[in-house]
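Remarks on the structure that follows.
The values are calculated or read from the model by the stated rules, or taken from the named source; none is laboratory data. All figures in this text were calculated on a predicted structure; none of them were measured in a lab. Every residue, glycine among them, receives a Cβ derived from its backbone with ideal geometry; neighbour counts consider all protein chains shown. We work out accessible area using only protein heavy atoms, side chains counted, and drop any ligands, DNA or RNA first. Shrake-Rupley method; radii C 1.70, N 1.55, O 1.52, S 1.80 Å.
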Amino acid sequence: MSERLRGEILAELNEAWLGVDSRNHDFIKPLDILTDPSIQINPEEFHKRIVWLMSHTDYLSFFCKHVLNIELLPFQLLILQELWVRKFPMFIASRGLGKTFILALYGLLRAVFIPGRKIVAVGAAFRQSKFIHEYMENFWKGSPILRSMCDSNSGSRRDVDMCRMIIGSSTVVCLPIGDGSKIRGQRGQDILADEFASHHREIFETVIAGFASVTASPADNVRLFAAKERA
């Protein structure tokens, strides 16, 4: 058997779990977009183009594998993509499918790719919120590249009443719900509610939903609505 044929067979076996045959598909090479000589790119802006490209939902697998050292299955990547593009997603799955894992990874990716993001993760009990934080903490510890990208203030923080994961200017706050009286006043652009069926409906509607009542830039929203009214 020739070396070339052996290599093709090994490649086919290694890619069997993806359900595609790379030999019969023409795949798009996204980096070709950035290296196309017909496109004028300022060399000083090239790294920003790379970050923009890798933050696209089609390429989250690249960031997870090469930066976070996490290799995801295709269905997990599809779930991440749906969570990212939907405004009010609800992830319903069987026990043991990794819902908390995916939710934690989603929150971490939002914190990385959207600077200044405030994300609030809640569980019916503090134990459930800690699960989300522990996953994020493991992602952080297992990713030297991510740690090198962030400042010295970034990383995991554990307090008596909350856990925090700081990624640059973004923060993920993991809280217990209890009766809702101790967590009023929290604000965030994203809310991650793990084990949603365990949350009391009244507490969720009156307390948790109110966390997202503000935007990252209220002044910009005021200008936008005023411009719409004038138009």
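Below are the figures for this structure:
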| read-out | value |
| --- | --- |
| Residue match in the stretch 111-123 (condition: modelled with pLDDT of 90 or more, within 14 Å of residue 174 (Cβ to Cβ) and of a type in the set (D, E, K, R)) | no |
| Restricting the stretch 3-34 to residues that are open to solvent by 70 Å² or more (accessible area, probe 1.4 Å) and over 23 Å from residue 71 (Cβ atoms), the residue that is modelled with the lowest pLDDT | 24 |
| Close pairs (6 angstrom Cβ cut-off, 6 or more residues apart or separate chains): at pLDDT 75 or above in the stretch 41-56, part of a loop (DSSP other than H, G, I, E, B) anywhere | 53/30 |
| Search result, residues across the stretch 64-80 that are closer than 16 Å to residue 108 by Cβ and not in a loop (DSSP other than H, G, I, E, B) | 64, 65, 66, 76, 77, 79, 80 |
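Here's the yes/no breakdown for (1) within 11 Å of the chain's Cα centre (by Cα); (2) over 13 Å from residue 195 (Cα atoms):
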residue: 80; (1), (2): yes, yes
residue: 83; (1), (2): yes, yes
residue: 98; (1), (2): no, no
residue: 103; (1), (2): yes, no
residue: 107; (1), (2): yes, yes
residue: 119; (1), (2): yes, yes
